[in-house]
1. Just subtract the alpha-carbon distance of Lys72 and Ile35 from 0.36 nm times their residue separation and send over the number in nm, one decimal.
2. How do Glu37, Glu16 line up, fewest other C-beta atoms within 10 Å first?
3. Return Arg47, Arg17 ranked ascending by Cβ neighbour count within 10 Å, so the fewest neighbours appear first.
4. Rounded to the nearest 0.05, what FRET efficiency do Val11 and Asp44 give with R0 = 25 Å and r taken as the Cβ-Cβ distance? Could you check?
Amino acid sequence: MFEKKYHYDAVSPAVERLKDQGYTVDFDLEGNYLIAEDEKIPLDDVRVTDLYHFENESDLSDDSIVYAVLSKNGTKGFLVSGSGMYTEEVKDRLEQALV
């Protein structure tokens with residue numbers, strides 16, 4: 001899996017670090033696609049190159065995951081998933097895309 005390179009206490013520093021590494025597209029998930037302003041990429045065409053998981057110790061239902069994604073066409077971006085935002089099936093598909 002991944003080497004643990006960085007630890008962040010919040011989502012925003014992780015996102016800023018990814019942006020510094022060229023992961024600049026802020027994706028949303030719609031069905032089986034990652035969506036950005038002018039991009040619609042099937043999940044099957046995406047690799048997850050890194051992820052950061054954040055747990056709120058005072059409220060375990062308030063978890064977040066930041067996925068760094070790379071598409072087959074070379075687009076680099078990120079997807080922020082809050083607790084309950086996406087189905088377990090979608091989370092499983094993203095985790096299957098781990099490099």
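1. Length gained between Lys72 and Ile35: 11.9 nm.
2. If I rank by nearby Cβ atoms, fewest first, I get Glu37, Glu16.
3. Arg47, Arg17
4. 0.45
Values in this text are rule-based calculations from the coordinates and carry no lab data. These figures come from a predicted structure and were not determined experimentally. Glycine also receives a Cβ, built like all others from the backbone with ideal geometry; neighbour counts cover every protein chain displayed.
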